[in-house]
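What follows draws every value from the coordinates through simple rules; no lab data is involved. Since we're looking at a predicted model, the values are computed, not measured. Note that we place each Cβ from the backbone using ideal geometry, even for glycine, and neighbour counts take in every protein chain shown.
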Amino acid sequence: MKILVLGKGGREHALVWKLAQSPRVERVFCAPGNAGTALDGVNVPIETYDFDGLMRFVKKEGVRLTVVGPEEPLANGIVDAFQKEGLRIFGPSKVAAQLEASKVFAKKLMRDADVSTAEFRIFDHPDPARHYVETREYPVVVKADGLAAGKGVIVCSTTQEALAAVERIMVKEEFGRAAGRQIVIEKRLEGEELSVLALVSGRAIVTLAPAQDYKRAFDNDAGANTGGMGAYSPAPLATPDLLAEIESKALVPIVHALKRRRTPFRGVLYAGVLVTNQGPRILEFNCRFGDPETQPVLMRLKTDLCDLLEAAVEDRLDDFAEETLQWDPRPAVCVVMASQGYPGNYHKGKVIKGLDEAAKLPDVKVFHAGTKESAGMTVTDGGRVLGVTALGDTLADAKRRAYEAVAKISFQGAFWRSDIADKALTPKPANTPQQ
Ligand code: GLY
């Protein structure tokens, strides 16, 4: 069968690479893709917002399953549009995708479903929000309601910072008018973050191996928040008991609550969890595969991903009780190589060298993110450029191999964190602040 993956990042390259390994898959297209998806699949020059163009392509090529990578098309209703045309697509409906697209929707649903999350208040006008932040204990987190490419979540240590955050989101509308119409203000919790991704269809929930990602730009969690500078899986922090608690007290209640509302969730339910001294607390839900978590998770998955996604789309996910998923027992580490300046401004078009040498290393896969082909060369085309991922007998070994591959690759202005996986390799203080 033919499959179409939508998006152009490292997550999408990992999806294309994994789906192409299925014996049932004849070809994997990627729209619009990057230089890496062009190697493991076939790129199609259609943007993810062009729903009509994508549907025309799917019908013309006889694509049997479309898999959505990023959140924007989901929030804009691509699944509803495809389904109206009778086309099979993996991802949640527009209403269910509000779980990620609206922080207000997510917090209210968590409250209704009795899911543990930070105390919060919702505001639709700056004046009461300003009064509220005057009376708070700090730190607090101020969140724009809508999608803001990860930038609409502002951690504030003082009243002045919180007032400035309210101003930026609601008055200056820095993240867009719709995104700033409402805000959530919540207590900032302390603990360690964990990414728990599950495939969901109806009431069936199949939890994937847990991962941890590194959101800050530089070592020791310094610098700005990014989309993610590296990840590893499995995460030793996620003991079987903790995972069971997250499933029963967060995933199950949310999935059931959405079903009760007649807006059942189908797709990837990604819980951003903070493991605190009082137990797990949900920071946010996303409704898609994580990036870069997907890279190490899929590196380890042995079960046919095509079978899994197809079962979800056909409401047969119960066939895959969690225990039956096959995993490579070896841990995987992904190190993101980024362009100098990311997550702010950065240059594009820098020639990337050493990809072939890195690819020769055993149990290493270089997933492309912001790359493209230009005049027979692979050049940078984004902030996050590559996700260099390796398996190892131990987590330390996987880390060593990933960095061995990183050392073979170069482009002007390249930077990366040197401490990916250290959270699990080095002893740490009991409480580390939420990023
Ligand atoms: N790595 C964070 C995310 O995918 O949202």
List the trypsin sites (Lys or Arg not before Pro) within the stretch 265-323 that fall in a DSSP loop (any state other than H, G, I, E or B) and whose Cβ has at most 16 other Cβ atoms within 10 Å. LYS302, ARG316
³J(HN,Hα), Karplus 6.51/-1.76/1.60, whole Hz, each residue of the stretch 177-183, x for Gly, Pro: 5, 5, 5, x, 5, 10, 9
Here the chain gives, from Cα atoms, an Rg and Dmax in Å of 20.7, 60
Length gained when the stretch LYS353-ARG136 is fully extended (0.36 nm per residue, less Cα-Cα span): 73.0 nm
So what's the convex hull volume per residue for the Cα atoms of the stretch 186-333, in Å³? 120 Å³
At 0.692 mPa s and 37 °C, plugging the Kirkwood radius over alpha-carbon pairs of the stretch 116-204 into Stokes-Einstein gives what diffusion coefficient in µm²/s? 237 µm²/s
Cβ charges +1 (Lys, Arg) and -1 (Asp, Glu), total dipole of the chain, debye: 660 debye
Considering the convex hull of the alpha carbon atoms of the stretch 246-383, report its projected area averaged over all viewing directions, in nm², one decimal. 12.4 nm²
Candidate cut points under trypsin sites (Lys or Arg not before Pro) in the stretch 13-74, DSSP loop plus at most 14 other Cβ atoms within 10 Å of their own Cβ, are ARG24
Kirkwood Rh (inverse of mean 1/r, distinct Cα pairs), the stretch 297-354, angstrom: 15.1 Å
Can you show me the helix-derived [θ] at 222 nm for the chain, built from DSSP H runs with n ≥ 4 at -39,500 (n - 2.57) apiece and divided by the number of residues, rounded to the nearest 500. -7500 deg cm²/dmol
Using a Gaussian network model of the chain whose springs link C-alpha atoms within less than 10 Å, name the residue from GLU137, GLU284, GLU71 with the highest mean-square fluctuation. GLU137
Determine the percent antiparallel among the DSSP beta bridges restricted to the chain, to the nearest 5. 80 percent
Mind telling me which of VAL388, VAL335, VAL58 comes out most flexible in a GNM of the chain, alpha-carbon contacts under 10 Å? VAL58
For the stretch 312-413, run through the GluC sites (Glu not before Pro) and keep only the ones in DSSP coil with at most 16 other Cβ atoms within 10 Å of their Cβ. GLU314
Most mobile of VAL141, VAL336, VAL25 per a Gaussian network model of the chain (Cα springs, under 10 Å)? VAL25
Could you tell me which of the pairs LYS2/LYS372; LYS372/LYS399; LYS103/LYS187; LYS151/LYS172; LYS302/LYS399; LYS172/LYS350 are separated by over 25 angstrom between their Cα atoms in the structure shown? LYS372/LYS399; LYS172/LYS350
Sum up the charges of everything whose Cβ sits under 15 Å from the Cβ of VAL166, counting Lys and Arg as +1 and Asp and Glu as -1, but leave VAL166 out. -1
Contact order relative to length of the stretch 31-110, as percent, for alpha carbon pairs under 8 angstrom and 6 or more apart: 21 percent
